[in-house]
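Have a look at the structure below before the remarks.
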Amino acid sequence: MDYSKRLNLLHALCLAETMNDGDGEKANLNLDDYDVEDSAHYLASFITFNAIRAADRQPALEHKSNFDMLSVYQAYALLAFAFLTAALAQEKIKPDLTKAQIIIAKTLFAGLPEAELMEIIESGFNKFKLIGETEAEHWMEFRENLDKLTVSFVVAGTDDESPYKKEEVLPIFGQMLSQFCEAFQI
């Protein structure tokens, strides 16, 4: 199975689980109806939502008391997106990071005014670039671990022979997010 199909499959499966928890609407499981970039946007947001929950973070409270923390979540989601999409280069697919930033921010922070979204996007991208470009050993190790975790999540969610289930991998994203937030704690 091509990596792009794995992303689409994981998107469909995660969407189906989310919809089954809600209003009874069924997710579309026809993978040909999914766009790989849309799948990567959804999965980066899904991972970040679950990481926030697993880390017992409170974005609504932080919006009022520590607004910059929202840009930390944005940067984390962008890192997840980058690692989710890195293997797509083998299929000659180059996702649009600018578009991803906007879609992810609107997904994570639905309902916020556009001016606040723009501030979160800009600050989050600056943090993303800082982490992506730094040669500091602890950030290189963090990137490597998040990359491995993201790949593990894709494999766990799409390969029946994986030693782990995606539900076992998701809480680790919360631990990684906690480390990330501590680094930017004011």
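The values are calculated or read from the model by the stated rules, or taken from the named source; none is laboratory data. Small disclaimer: the values here were computed from a predicted structure and weren't measured. Note that each Cβ is placed from the backbone with ideal geometry, even for glycine, and that neighbours are counted across all protein chains shown.
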Answer yes or no: is there a residue in the stretch 23-36 that is touching a residue at least 40 places away in the same chain (Cβ under 8 Å), surrounded by 19 or more Cβ atoms within 10 Å (Cβ to Cβ) and either hydrophobic (A, V, I, L, M, F, W, C) or not in a helix (DSSP H, G or I) (or both).
yes
Filter the stretch 111-133 for residues that are of a type in the set (Gly, Ala, Ser) and at pLDDT below 95; the one that is nearest to Asp68 (Cα to Cα) is Gly111
Can you pull out every residue in the stretch 91-102 that is over 17 Å from Leu10 (Cβ atoms) and in a helix (DSSP H, G or I)?
Leu97, Thr98, Lys99, Gln101, Ile102
For the stretch 46-71, which positions are more than 17 Å from Pro113 (Cβ to Cβ), under 19 Å from the mean Cα position of the chain (by Cα) and in a helix (DSSP H, G or I)?
Phe46, Ile47, Thr48, Phe49, Asn50, Ala51, Ile52, Arg53, Ala54, Met69
Matching residues, the stretch 68-95, being free of Cβ contacts under 8 Å to residues at least 24 places away in the same chain and not basic (Lys, Arg)
Ala89
Lone qualifier among Glu37, Glu91 - being touching a Lys or Arg at 6+ places or on another chain (Cβ under 8 Å) and of a type in the set (D, E, K, R)
Glu37
In the stretch 128-138, anything part of a helix (DSSP H, G or I) and surrounded by fewer than 16 Cβ atoms within 10 Å (Cβ to Cβ) is listed as Lys129, Leu130, Gly132, Glu133, Glu137, His138
Can you spot a residue in the stretch 167-183 that is without any contact (Cβ under 8 Å) to a residue 60 or more places away in the chain, surrounded by fewer than 16 Cβ atoms within 10 Å (Cβ to Cβ), among the acidic types (Asp, Glu) and in contact with a helix residue (DSSP H, G or I) (Cβ under 9 Å, 6 or more places away or on another chain)?
yes
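Quick one: which residue in Leu117, Leu112, Leu149 is assigned to a loop (DSSP other than H, G, I, E, B) and surrounded by 15 or more Cβ atoms within 10 Å (Cβ to Cβ)?
Numbers: Leu117 fails: assigned to a loop (DSSP other than H, G, I, E, B); Leu149 fails: assigned to a loop (DSSP other than H, G, I, E, B).
Within the list Leu117, Leu112, Leu149, the selection yields Leu112.
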Criterion: crowded, with 19+ Cβ neighbours inside 10 Å and farther than 14 Å from Val154 by Cα - qualifying residue of Leu43, Leu61, Leu7, Leu78
Leu78
